[in-house]
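This report concerns only the one structure given below.
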Ligand code: GLN
């Protein structure tokens with residue numbers, strides 16, 4: 001079986017752990033840099049990106065995270081996790097940093113009140129170019145405001161980019177772990 005880490009400093013950790021266990025993976029709740037060793041893939045969950053950022057620095061996990069992901073560890077970032085991965089945050093909280101491993105810029109809390117929190121059926125573009133339906137939830141979601149050359153757009157919502165893929169990294173601004181849709185997690189396991 002595969003061993004998948006879920007960064008477990010703050011946010012929606014348990015839903016990802018359950019989803020991954022349901023797909024047959026062994027899950028490590030990552031709170032320390034050493035726990036990044038021996039993983040086949042990693043999930044950065046949703047939550048509050050400025051809090052997760054601060055905790056990664058306080059707990060000394062940030063540099064190890066950054067080098068593991070830029071070294072090729074298959075990684076899925078959801079919502080706050082997507083913000084963590086981004087090269088640039090358009091509207092960071094005071095002092096907020098990101099890992100800068102995914103060549104996109106993101107705007108936080110980008111959808112207006114009518115879609116502030118919503119369920120949606122998206123079209124997800126697989127690496128093979130197939131389009132699969134993904135049932136998901138949005139919760140104060142970011143939007144991807146620009147993408148670099150090597151970045152593929154995998155999903156849109158209300159015209160905005162909400163899913164991307166760059167090499168070993170998948171970033172989504174939504175939460176399939178809350179609806180039980182395993183499409184994106186299965187893609188991550190396929191990279192592992
Ligand atoms: N708005 C949050 C942030 O800026 C993200 C919300 C989420 O992860 N559900 O971190």
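Please work out which one of (1) crowded, with 18+ Cβ neighbours inside 10 Å; (2) without any contact (Cβ under 8 Å) to a residue 24 or more places away in the chain is the condition residue 39 fails and give its number.
(2)
Which ones in the stretch 66-93 are within 16 Å of the ligand (Cβ to nearest atom), part of a loop (DSSP other than H, G, I, E, B) and crowded, with 20+ Cβ neighbours inside 10 Å?
79, the sole residue that qualifies.
Restricting to the stretch 18-56, count the residues that are in a helix (DSSP H, G or I), away from the ligand (no atom under 16 Å from the Cβ) and under 15 Å from the mean Cα position of the chain (by Cα).
Pass one, the stretch 18-56, residues in a helix (DSSP H, G or I): 18-22, 33-36, 49-56.
Still in the running and away from the ligand (no atom under 16 Å from the Cβ): 18, 20-22, 33-36.
From what is left, the residues that are under 15 Å from the mean Cα position of the chain (by Cα) are 20.
Total meeting the criteria: 1.
Only the coordinates and a few stated rules stand behind these numbers; no lab work does. Not measured: the values here are computed from a predicted model. Here the Cβ is made from the backbone with ideal geometry for all residues, glycine too, and neighbour counts use every protein chain on show.
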